[in-house]
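Enquirer: This is the structure I want to talk about, given as structure tokens.
Throughout, read-outs are computed from the coordinates displayed, never taken from laboratory work. This is a predicted model, so every value here is computed, not measured. Please note: Cβ atoms are built from the backbone with ideal geometry, for glycine as well, and neighbour counts cover all protein chains shown.
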Amino acid sequence: MKTDADRIRQVGSKFQVHGRFLRAFPIGRGHINDTFAADYDYGGRTVRFVHQTINHHVFPNPVAVMENIDRVTRHKRALLAEREDTEAGRKSLTVIPKLDGKLYYQDGDGVYWRTYIFIDRATTFDTIETLEQAETVAGAYGRFQNLLVDLPGKRLHETIPDFHHARKRFDRLMKVVEDDPMNRAASVRDAIQFVQDREDVVDVLLDLISKGELPDRITHNDTKLNNVMIDDATGEAICVVDLDTVMPGSVLYDFGDMVRTATSPALEDERDLSKVKMQLPMFEALVKGYWEAAKDFLTPVERDHLAFSGKLLCLMIGMRFLTDHIEGDVYFKTHREDHNLDRARNQFKLVSSIEEQADRMDSAVRDLCV
Ligand code: GN1
Ligand code: MG
């Protein structure tokens, strides 16, 4: 059987990586793609690259994914170059093309791969530790959105159509409950009920979008805490990564996902729900960091829904985990029995915690966003 190293060596040889392959090892904790770092000897100096799959069951059009990423990262590097930023190479992902210039490689098993320059001397965090981190991360995503406000050219591809369409996510859950292919619905009635009790939440932003009151922008759409690389030396956010879902959307989906992943002290799959809570000081730090970076383009309607967006995103991702549990764990990678169910219950606990503090969150936004 082929080892990871053999497989990665073979993948690496297809890209414009010209050193001698030394070693490869898995990195990253994503639920969708497989990610490896690989070292190459460039005449006595070790250079590290990232080779990563693009899950084409999740992203039906990997070519479109890479086109989006290429446009966005080029735009970002051009702006950094304009500012004569000497760290430009670490502040943006850099796509390394295949030998023939294509942005991806499809191997003999049909798996799509892409290659990036590895960003060194930086770390990502899975759980929040300090208020400074929350502020830094929110600032990084705010600046990322700001940078894309005037991306020239045609609209970006929608790499996963209706990705944050909460109504469709809700309806899909109800459909899966009805079909119940694994006979799991009966054992999770309480979780299903939790969602049904909050059906009104799913249409709030969609209604604003259809009335033209919420702008269509370019957003990251996966603004987890651990998709921002923090510089080891300075503690500053150096680079926003995981650009697969960069596409048109509402900035509120991005802010909400920050609230989801950066205000709870526990991991997304923590089973001890007493540890799962929305910490108001972390929320305030997110608002501060985000407002500073986004105030120039944010509309009043966007600002007024910042607190709400946290609740929506926790509910929406929770619905997706629950759907996947009932369907038989076909979408998110799982590493233990009932993993998706644990994740769903965790997210619903966060929804409840947000509901308890909704007024305080709204007044924090009013106080800080001036
Ligand atoms: C997935 O693979 P990862 O961890 O980057 C998912 C996100 C979810 C997240 C939950 C394309 O992202 O939408 O919020 O898991 N990405 C996709 O942790 O579905
Ligand atoms: Mg992702």
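Enquirer: Give me the count of lysine pairs in segment 240-327 whose alpha carbons sit under 21 angstrom apart, restricted to pairs 8 or more positions apart or on different chains.
Expert: Numbers: 275/311; 277/288; 277/311; 288/311.
The result is 4.
Enquirer: A follow-up question, please. For the chain, just list the percent of Cα-Cα distances falling in each 10 Å bin from zero outward, please.
Expert: 5, 23, 33, 26, 11, 2, 0
Enquirer: Within the chain, which complete DSSP H helices have Cα atoms spanning at least 24 Å along the helix axis and a mean Kyte-Doolittle hydropathy of -0.5 or higher? Present the calculation step by step, with values, prior to reporting the outcome.
Expert: Values: long enough: 62-82 (30 Å, -0.23); 131-148 (26 Å, -0.06); 306-327 (32 Å, 0.95); 339-368 (39 Å, -0.94).
Span-like helices here: 62-82, 131-148, 306-327.
Enquirer: For every helix of n ≥ 4 consecutive DSSP H residues, a contribution of -39,500 (n - 2.57) applies; sum these over the chain, divide by its total residues, and give [θ] at 222 nm rounded to the nearest 500 deg cm²/dmol.
Expert: Details: 12 runs with 165 residues, N = 370.
Theoretical 222 nm ellipticity from helices: -14500 deg cm²/dmol.
Enquirer: Oh, and also: Just subtract the alpha-carbon distance of residue 131 and residue 67 from 0.36 nm times their residue separation and send over the number in nm, one decimal.
Expert: Result for the pair: 19.5 nm of gain on full extension.
Enquirer: Give a quick list of GluC sites (Glu not before Pro) in segment 37-143 that DSSP marks as loop, anything other than H, G, I, E or B, with at most 16 other Cβ atoms within 10 Å.
Expert: Values: sites: 67, 82, 84, 87, 129, 132, 135; in loops: 84, 87, 129.
Listed in order of number, the matching sites are 84, 87, 129.
Enquirer: Report Rg (one decimal) and Dmax (nearest whole number) for segment 146-196, counting Cα atoms only, units Å.
Expert: For segment 146-196, the Cα-based Rg and Dmax read 17.5, 50 Å.
Enquirer: Now a separate question. State, to one decimal in nm, how far the label point of residue 78 lies from the label point of residue 362, with both points 7 Å from Cα in the Cβ direction.
Expert: Computed distance between label sites residue 78 and residue 362 equals 4.3 nm.
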